[in-house]
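Trainee: Next up is a structure, given as structure tokens.
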Amino acid sequence: MKEFVNVAISAAKEAGALLFENFGRPLELEYKKDRSIVTSLDKQCQRIIVDRLRSSFHDHLFIAEESDAQMKNAPLEYTWVIDPLDGTHNYIRGISSYGVSIGLIRGQEFLIGVIYLPHESALYVSEKGSGAYKNDQPIHVSNVSRIQDCTLAFDSGFRNDVEVKTSMLQKVAPRVFNARIFGASVRNFTYLAEGIVDAIIEFDDKLWDFAAGISLVLEAGGQVSDHSGAPFIPEFHNYLASNGKIHTQMLQLMNN
């Protein structure tokens, strides 16, 4: 598994260097059917990552945001899940909360998470059973145990299902200490894993948005479920991720 981690780190750093080099420059933009944005750099970084991983692990499967590959059932083979530029909208607007996200799953297991934030030179790495690290230093979720002390990272986009998300925010915002919207899953997960925020509520993330981040949070001592409290699996799209200590309280509040 260490070889898997090392190759993923190398790929993430190579793609991240390209993103950092081009930050703030004009980019060619395309708009997808769901009105999300893809840049020429998304595609270029994805090629870098997939090529590097495939050259080392030619028998593995690959699911990446800027491709047509979709997962209907959790694959039994090792499967790399790649978001070459998470936080694209932040990136094109000159907001430095963006990053490269590479996860490895097999079946229902989140095995590896590698997240690289180029603007901070911050490398987050997790491996099942081995803990979570930021730049080789161990990280852990917070010890906040009261919901009134909780800092919440809320869903990164209000373009879809506005009424549902607004209704949820109206439920939880008055009860927590504060709520923030960072606009990038990599930012949400890394903040949770290192104890800066205490919970995340998301509604419609895709596998490439969360594969690496969920590994990171679990290995940092956190907990992840769907909104009903069911243990999270790769086929789900909505989730509550937390430090574990406030998870039950958050679920009760969300489902009240």
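Trainee: So which strands (runs of 3 or more DSSP E) stay within the stretch 120-171 end to end and still have 2 or more residues that are among the aliphatic types (A, V, I, L, M), in the same structural domain as Val7 (by TED's automatic domain parsing) and in contact with a Phe, Trp or Tyr (Cβ under 9 Å, 6 or more places away or on another chain)?
Mentor: Details: elements: 122-127, 132-134, 151-154.
Of the strands (runs of 3 or more DSSP E) lying wholly inside the stretch 120-171, those with at least 2 residues that are among the aliphatic types (A, V, I, L, M), in the same structural domain as Val7 (by TED's automatic domain parsing) and in contact with a Phe, Trp or Tyr (Cβ under 9 Å, 6 or more places away or on another chain) span 122-127.
Trainee: For the stretch 199-256, name all the residues that are of a type in the set (D, E, K, R), assigned to a helix (DSSP H, G or I) and either closer than 20 Å to Met168 by Cα or under 12 Å from the mean Cα position of the chain (by Cα) (or both).
Mentor: Asp209, the sole residue that qualifies.
Trainee: What residue, of Asn6, Asn73, is surrounded by fewer than 16 Cβ atoms within 10 Å (Cβ to Cβ), modelled with pLDDT of 95 or more and not hydroxyl-bearing (Ser, Thr, Tyr)? Give the derivation first.
Mentor: Values: Asn73 fails: modelled with pLDDT of 95 or more.
Matching residue, one of Asn6, Asn73: Asn6.
Trainee: Looking for something in a loop (DSSP other than H, G, I, E, B), in contact with a Gly (Cβ under 9 Å, 6 or more places away or on another chain) and buried (at least 16 other Cβ atoms within 10 Å of the Cβ) - is there at least one such residue anywhere in the stretch 103-116?
Mentor: Taking the stretch 103-116 as the starting set, the residues that turn out to be in a loop (DSSP other than H, G, I, E, B) are 107-108.
Subsequent filtering for residues that are in contact with a Gly (Cβ under 9 Å, 6 or more places away or on another chain) retains none.
The answer is no, given that none of the residues of the stretch 103-116 is in a loop (DSSP other than H, G, I, E, B), in contact with a Gly (Cβ under 9 Å, 6 or more places away or on another chain) and buried (at least 16 other Cβ atoms within 10 Å of the Cβ).
The values are calculated or read from the model by the stated rules, or taken from the named source; none is laboratory data. What you are looking at is a predicted structure, and each value in this text was computed from that prediction instead of being measured. Don't worry about glycine lacking a Cβ; one is built from the backbone with ideal geometry, like all the others, and counts go over all protein chains shown.
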